[in-house]
Amino acid sequence: MATTHILKREGILPTETELLVDRALQDLEAHSPELKKDLRPIQITSVKEVDVTAGRKALVIFVPVPLLKAVHKVQQRVTRELEKKFSDRQVLFVAQRRIIRKPARINRAKQPRPMSRTMAVVHDKILDDLVYPTEITGKRTRVKVDGSKVIKVFLDSKDATSLEYKLDTFSAVYKRLTSKDVVFEFPAEQAF
C-alpha cells in the first residue's frame, strides 16, 4: 500500500509508527465519505510517541504549517477516530515549525530572522496547537526560589469536561518538545 499521507525528504524512510498512522488515515478516508474530501490533502511529516504516565502514551502527529488550517477543520473527528484505532494512546496534532537561531558575529545572515522563527514564538505556537479545540485564556510564569520556572496555562472553562483527562498529556508532550515545565488548569469561577 502506498504512503499517501507521509511527506518526507528524498531518501528518508518512514518509521513503523508513521506507517501505522498513515494506514489509519487511509482507512478513515476509504470508509467515511464525509471525511474523504477533507482528509485527501492532509499530509504528515513525522509522528512521535511520548510516554505520559504509568504506561499511557501519546501520539504527536506533525503536519506542515500550511496544512494546519485544513487539519483544524477535521481535527476533532480525526482525533476521535484515531484514538479508537489506537486505544491505548491519545492523539495530538502539532505543526512542524522551525527555529532559527540568533545571528552571531561569525555567521551573519543575509536576511533578518523572521519573528515567526524565534524560539519564544515557536514554543507559544506549539502550546496553541496542543490545546487546539479550546483556547488559552491566560498564562503565568512562576519562578521558584531555586530558579526553576513553571508556566501555568489557563484554558477556556467551557471545555473543562471534554479536556479534563488530557491535561497531563498536554504537560508531558510540551515538556518533551520544548523542555519547559507547564501546568494546565481551568480557572475557578469567581462569584462576585
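A few points about this structure:
- Scanning the range 88-100 for residues that are part of a loop (DSSP other than H, G, I, E, B) and either surrounded by 12 or more Cβ atoms within 10 Å (Cβ to Cβ) or among the small types (Gly, Ala, Ser) (or both) turns up 97, 99, 100.
- Screening the range 1-44 for residues that are among the acidic types (Asp, Glu) and more than 20 Å from the chain's Cα centre (by Cα) and picking the one that is least open to solvent (accessible area, probe 1.4 Å) gives 29.
- Residues (under 16 Å from residue 60 (Cβ atoms) and in contact with a Ser or Thr (Cβ under 8 Å, 6 or more places away or on another chain)) located in the range 77-96: 90, 91, 92, 93, 96
- Neighbours by Cβ (under 8 Å, 6+ apart or cross-chain): first from the range 165-179, in contact (Cβ under 8 Å) with a residue 12 or more places away in the chain; second in a helix (DSSP H, G or I) and surrounded by 15 or more Cβ atoms within 10 Å (Cβ to Cβ): 170/130; 173/130; 174/126; 174/127; 174/130; 177/126; 178/123; 178/126
- All positions within the range 44-89 that are closer than 16 Å to residue 129 by Cβ and polar (S, T, N, Q): 45, 46, 75, 76, 79
- Candidates 47, 60: the one that is crowded, with 18+ Cβ neighbours inside 10 Å, β-branched (Val, Ile, Thr) and in contact with a Ser or Thr (Cβ under 8 Å, 6 or more places away or on another chain) is 47.
- Output for the range 28-62, where each listed residue is more than 12 Å from residue 169 (Cβ to Cβ) and either among the basic types (Lys, Arg) or in contact (Cβ under 8 Å) with a residue 60 or more places away in the chain (or both): 36, 37, 40, 48
The values are calculated or read from the model by the stated rules, or taken from the named source; none is laboratory data. Quick caveat: nothing in here was measured; it's all calculated off a predicted structure. For neighbour counting, all protein chains shown are included, and Cβ atoms are generated from backbone atoms with ideal geometry for every residue, glycine included. To get the accessible areas, we keep the full protein, side chains included, count just its heavy atoms, and leave off ligands, DNA and RNA. Shrake-Rupley method; radii C 1.70, N 1.55, O 1.52, S 1.80 Å.
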